[in-house]
Amino acid sequence: MKKFTSIHDVQNLNGLIELAQTYKQQAFRDAQLGQHKRLVLLFFNPSLRTRLSTQAAAHQLGLYSITMNAANGWQLEFEEGKIMNANKAEHIKEAAAVISQYADIIGIRTFPSLDDRAKDYSDFILHQFIQYASVPVVSLESAIRHPLQSLADLLTIAEHKERQRPKVVLSWAPHPKALPQAVANSFVEWVAATDAELVVTHPPGYELAPEFGQQAQVVYDQKAAFEEADFVYVKNWSSYKHYGQRLAQDHNWMVTLDKLQACPDAKVMHCLPVRRNVVIEGKVLDSPHSLVIEQANNRTFAAQAVLSCLLNPKNILC
Ligand code: CP
């Protein structure tokens with residue numbers, strides 16, 4: 001593995017999950033692998049889980065991590081040939097090259113504009129870093145994907161599935177803000193790479209981008225979608241078609257205990273942060289249905305497996 005930005009960078013998915021499981025059993029087994037090496041993490045928007053779990057993962061590999069909050073005050077110029085006489089003091093060409101002098105691996109967390117669909121879906125910022133960095137780049141969530149989250153989600157499903165081909169339902173849920181499609185996009189493409197039966201349910205207008213949405217069966221009736229589900233993955237996302245918009249909010253889409261009567265053994269997942277009693281009923285999060293804390297725990301081992309593969313690409317599990 002030379003970079004980690006999507007499932008397309010993974011050659012051995014089962015191997016990567018196995019490696020994450022191995023680290024979960026024995027976190028410090030490769031504590032020498034990252035010795036005398038540095039990981040620089042750049043966050044262009046806030047993070048709790050991704051930031052702390054990736055730092056924890058680095059620690060478990062003996063890799064020194066440096067985290068930079070780039071959300072405020074660091075205005076990067078991305079435009080080729082720009083006359084930089086306005087407020088942006090540094091060009092991506094120098095910035096990525098300079099960070100590469102200090103880092104053996106760079107992690108980038110970006111966010112979509114939710115205004116310019118073509119630019120967001122080109123994953124412009126992430127690809128500019130890849131182009132101008134001279135060391136491997138890990139996506140800590142990009143404009144359109146969240147692969148470290150998806151790997152942790154697959155690890156969680158692998159741990160809790162009770163049949164070879166579980167039914168996995170990705171359900172849209174209401175939210176007071178317009179959110180990216182990244183988690184949903186990524187979840188679909190990672191689950192589609194497994195044996196699972198994948199169903200996506202959402203109100204009309206929230207269809208995912210075709211390259212992601214076409215990988216799943218879409219059912220517009222949430223109740224029907226939940227029938228016999230083994231896993232219900234809950235997430236809000238804004239519209240792709242009416243790009244970045246919240247359409248008429250349907251609060252009936254909140255996932256409640258009552259709705260889980262259609263799938264009484266289902267496990268409920270969410271990437272977090274989650275708004276209680278808006279996205280998921282608090283009673284669900286407090287019930288044995290919920291896997292959300294285990295998902296967050298698995299973020300560390302997912303990140304550790306990915307960093308391990310970047311440090312040692314010859315590992316047959318990578
Ligand atoms: N799930 C997730 O990425 O959480 P953070 O935004 O806290 O990193």
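The values are calculated or read from the model by the stated rules, or taken from the named source; none is laboratory data. Predicted, not measured: the structure shown is a model, and the values here were computed from it. Please note: Cβ atoms are built from the backbone with ideal geometry, for glycine as well, and neighbour counts cover all protein chains shown. For accessibility, only protein heavy atoms count, side chains too; no ligands or nucleic acids. Shrake-Rupley method; radii C 1.70, N 1.55, O 1.52, S 1.80 Å.
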Those residues that are under 14 Å from F129 (Cα atoms) and either assigned to a loop (DSSP other than H, G, I, E, B) or within 16 Å of the ligand (Cβ to nearest atom) (or both), I need them from segment 84-103; list them, please.
A103
Just wondering, is there one or more residues in segment 87-97 that are of a type in the set (D, E) and crowded, with 18+ Cβ neighbours inside 10 Å?
no
Starting from segment 264-278, take each residue that is closer than 15 Å to P180 by Cβ and list its partners that are within 13 Å of the ligand (Cβ to nearest atom) and open to solvent by 90 Å² or more (accessible area, probe 1.4 Å), counting only C-beta distances under 9 angstrom and pairs at least six apart or across chains.
L272/L48; L272/I293; P273/L48
Can you pull out the residues in segment 20-48 that are open to solvent by 50 Å² or more (accessible area, probe 1.4 Å), touching a helix residue (DSSP H, G or I) at 6+ places or on another chain (Cβ under 6 Å) and outside any loop (DSSP other than H, G, I, E, B)?
K24
Would you confirm whether any residue within segment 264-284 is among the aliphatic types (A, V, I, L, M), open to solvent by 10 Å² or more (accessible area, probe 1.4 Å) and touching a strand residue (DSSP E or B) at 6+ places or on another chain (Cβ under 8 Å)?
yes
Taking segment 46-77, which residues are more than 11 Å from the ligand (Cβ to nearest atom) and within 21 Å of D30 (Cβ to Cβ)?
Q55, A56, A57, A58, H59, Q60, L61, G62, L63, Y64, S65, I66
Pull up segment 222-253, narrow it to residues that are in contact with a strand residue (DSSP E or B) (Cβ under 7 Å, 6 or more places away or on another chain) and in a loop (DSSP other than H, G, I, E, B), then point me to the one that is surrounded by the most Cβ atoms within 10 Å (Cβ to Cβ).
N236
Taking the condition of a type in the set (F, W, Y) and within 16 Å of the ligand (Cβ to nearest atom), does F4 pass?
yes
